[in-house]
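Asker: Got a structure here, written out as structure tokens. Questions coming.
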Amino acid sequence: MPPFDAGVRASAGREPAGPSPTAVDRVTDALRAEILSGALAADEPLREEAASERYGVSRHTVRAAFQRLVAERLAVAAPYRGVRVASFDRATITALQQLRAALEVEAVRIARERYGSAWPDAVTAPARAALERMAALGEEPAEVDWLEAERIHADFHGALVAASGSPRIIEAHAALGSELLLFLLHVRPHYTLDTLVAEHRALLDDVQTRGPDAIREHLEHSTRLLFGG
């Protein structure tokens, strides 16, 4: 693992035995970022002792951070194997995409039933804003921040779901959060930033004019990309 910023280390070495919520957040955030950037590969073991030493925190804190990652489906815990980075295999991808389809297709159906084929500007504004933020990432001369692009990509899909106005669907979709970002990490090699923005601009128009079929086809397309056609 790359060295961790010394600023996250406890000022007096190890923290007390009880895990600090702030320390748990810090370790969870650091590990999540490494998983979602690909720095920690699928099925790579996460060791309590090594993480405790690296981050300068107690093993109680590390254990709590690992539990959060397992709850987010970014890691898995198995008897005799400990905790490992989640392996994003075909079955996992299929199950995630099926759940996304159940939520996003229904959300678009509800929104289209409510607004017809031309949604009000106030409804589409969050999705359009996400697309503008994504496009702006390509204006910087440095290398594109793909993790940020994937967060915005997830925000775009969240905005489509929010157009339904259905609290339970919105809540269930938001709970996919980290797992959706892990999916986007794996689909990243199939896109440039320009093609990603263009595809989603077209999608925003298509969900209004074509409804659920448009979002269903979009999700099926991304699944086929990962499965090699």
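Asker: Taking H as built 1.01 Å from N, whose amide H comes closer than 5 Å to the amide H of LEU46, not counting residues under 5 places away?
Answerer: For LEU46, the qualifying residues are VAL83, ARG84, VAL85.
Asker: Moving on. In nm, what is the difference between 0.36 nm times the number of residues separating ALA136 and GLU171 and their Cα-Cα distance?
Answerer: 9.8 nm
Asker: Each residue of region 97-104 in order: what ³J(HN,Hα) in whole Hz does its phi give by Karplus 6.51 cos²θ - 1.76 cosθ + 1.60, θ = phi - 60°, with x for Gly and Pro?
Answerer: Going residue by residue, I get 5, 5, 5, 4, 4, 4, 7, 6 Hz, with x marking Gly and Pro.
Asker: Does region 90-226 come out rounded, prolate or oblate by the C-alpha gyration tensor, with a ≥ b ≥ c the root eigenvalues, rounded set by a/c under 1.5 and, if not, prolate when a/b is larger than b/c and oblate if not?
Answerer: Oblate, since a/c reaches 1.5 and b/c is not below a/b.
Asker: In addition: Skipping prolines and chain starts, which residues have an amide H placed within reach, meaning under 5 Å, of the one on GLU72, given they are 5 or more residues away or on another chain?
Answerer: Sorted by chain and number, the residues that satisfy this come to none at all.
Asker: Tell me, what ³J(HN,Hα) does each residue in region 46-60 have, in order and in whole Hz, if you take phi through Karplus 6.51 cos²θ - 1.76 cosθ + 1.60 with θ = phi - 60° and put x for Gly and Pro?
Answerer: Once θ is set to phi - 60°, the couplings for region 46-60 become 10, 9, 4, 5, 5, 5, 4, 5, 5, 8, x, 10, 6, 5, 4 Hz.
Asker: So if we plug the beta-carbon distance of THR195 and ARG114 into 1/(1 + (r/R0)^6) with R0 = 35 Å, what FRET efficiency do we get, rounded to 0.05?
Answerer: Numbers: r = 31 Å, r/R0 = 0.88.
Plugging the Cβ-Cβ distance into 1/(1 + (r/R0)^6) gives 0.70.
Asker: Another question about this same structure. HN-Hα J couplings of region 205-214 from phi, Karplus 6.51/-1.76/1.60, θ = phi - 60°, integer Hz, Gly and Pro as x?
Answerer: 6, 5, 5, 7, 8, 10, x, x, 4, 5
Asker: On alpha-carbon atoms, Rg over Rh for the chain using Kirkwood Rh? Numbers along the way, then the final one.
Answerer: Working: Rg = 19.6 Å, Rh = 19.2 Å.
Using only Cα positions, Rg/Rh for the chain is 1.02.
Asker: So who's got an amide H within less than 5 Å of the one on GLY38, skipping anything under 5 residues away but keeping other chains? H placed 1.01 Å off N, in plane.
Answerer: Placed amide hydrogens put nothing under 5 Å from GLY38.
Asker: Hand me the chymotrypsin sites (Phe, Trp or Tyr not before Pro) from region 57-137 located in a DSSP loop with no more than 11 other Cβ atoms within 10 Å, in residue order please. Don't skip to the answer; put the middle values down first.
Answerer: Numbers: sites: PHE66, TYR80, PHE88, TYR115; in loops: TYR80, PHE88.
Within region 57-137, the qualifying chymotrypsin sites (Phe, Trp or Tyr not before Pro) (loop, at most 11 other Cβ atoms within 10 Å) are TYR80.
Asker: Give, in nm to one decimal, the length gained when the segment between ASP29 and ASP206 is fully stretched (0.36 nm per residue of separation minus the Cα-Cα distance). Mind dumping the intermediate values first?
Answerer: Working: separation 177, 0.36 × 177 = 63.72 nm, distance 3.55 nm.
That works out to 60.2 nm of additional length.
Asker: Mind checking region 140-192 for GluC sites (Glu not before Pro) that DSSP puts in a loop (not H, G, I, E or B) and that have at most 10 other Cβ atoms within 10 Å?
Answerer: GLU143
No value in this document is a laboratory result; all are computed from the given coordinates. Source: prediction; values computed, not measured. Virtual Cβ from ideal backbone geometry, glycine too; neighbours counted across all protein chains shown.
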